[in-house]
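Take a look at the structure below.
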Amino acid sequence: KCFGVLTMIAKSMMDCASSSKGESSWVAESASTTIRISSDEGNLFQSMSPPLSSDRVFAEESNILDYWHTSIERRKAPLQPMLNIPGDDFISSDFQLKPSNREESSKYATSQQKQETLDNAFELISTKGLKKGLDYLIACHLLTPSPRDVASFLRIHQASIDPGILGEYLGEGGIDGTDKDYWNLIRFNYARAISFVGMNIEQGLRHFLTSCGFRIPGEAQKIDRIISIFSQCYWEDNAGDIQKCPFQDQDTVFFVAFAIIMLNTDLHKVHGTKGRPPKRMTREEFISNLRGVYNGVDKIR
């Protein structure tokens, strides 16, 4: 197409040159420009190119075509390596951008520093208590003091924390109203991650006290706080299921769960008073402990 256009331009130029004898302007041609001269100034200038014969015109057309053909080929030669761009199949399927050595070193240093901080925190937990270890992590900005984040950390790392220490921590009660609410939220977020759906109260309590990473403390007030959270979560999961949860409210679940713990403690007593064998709680005594809790006490039988 380019050669065709150039041929048409060359023919137009030749026609203009051959027909310019009696017209009002002359065409002066140089290597790079064409000068158009008005006929009024024709007396001052002479034609810069004589009329061309038909043979001369044909020769000029051939020379122009050869010139442009050679010029275009010369210009294409340096660009050929740039035009040979590989396709998508040239790129390896396993090619991927890799981080620089500096980025890898920075990530490794950050990970190593985080692990060292965790190791120091667990050492503080085992020697000075769970509060000290968590305060250290909060000061190092590895943990926020929100109840949800603290509870999540305790669940994730429960294998690295002594069950007795964890139980003592979950039984904390706080000083004032705001502090008490804070500890209740930690206990609730820890226990709410456990599902009690489809369990009766004995199964749910056994699962809560033996498979959740902590050991129940010995202090009665701490036991009360932990069982209170258990009764709330158990009631939320099973309320309305008469087969598994035949209780009228959450408080009834609390009293029955506490009575089961007392029964279990009595069952595992080693020594009685004055060296006598320990007296075990009877079935009637267990039911008697629950009298007045709610009207459907006979259901416990």
Please report the net charge: other residues with Cβ closer than 15 Å to the Cβ of S228, K and R +1, D and E -1.
-2
Counting Lys +1, Arg +1, Asp -1, Glu -1, what net charge surrounds A121 among other residues with beta carbon under 13 Å of its beta carbon?
0
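Calculated FRET efficiency, E123 and D149, Cβ-Cβ r, R0 22 Å, to nearest 0.05?
My answer for the efficiency is 0.55.
Provide the gained length on full extension for the span I242 to K11, in nm with one decimal, where the gain is 0.36 nm per separating residue minus the Cα-Cα distance.
That works out to 72.7 nm of additional length.
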For 133-143, 181-191, ranked highest to lowest by mean beta-carbon neighbours within 10 Å, the order is 181-191, 133-143
Label point distance in nm, A159-A139, each placed 7 Å from Cα along Cα→Cβ:
2.9 nm
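At 0.36 nm per residue, minus the direct Cα-Cα distance, what do R215 and L267 gain on full extension? Give it in nm, one decimal, please.
Length gained, R215 through L267: 16.9 nm.
No value in this document is a laboratory result; all are computed from the given coordinates. In this text, all values refer to a predicted model and were calculated from it rather than measured experimentally. All Cβ positions, even for glycine, are placed from backbone atoms using ideal geometry, and neighbour counts span all protein chains on display.
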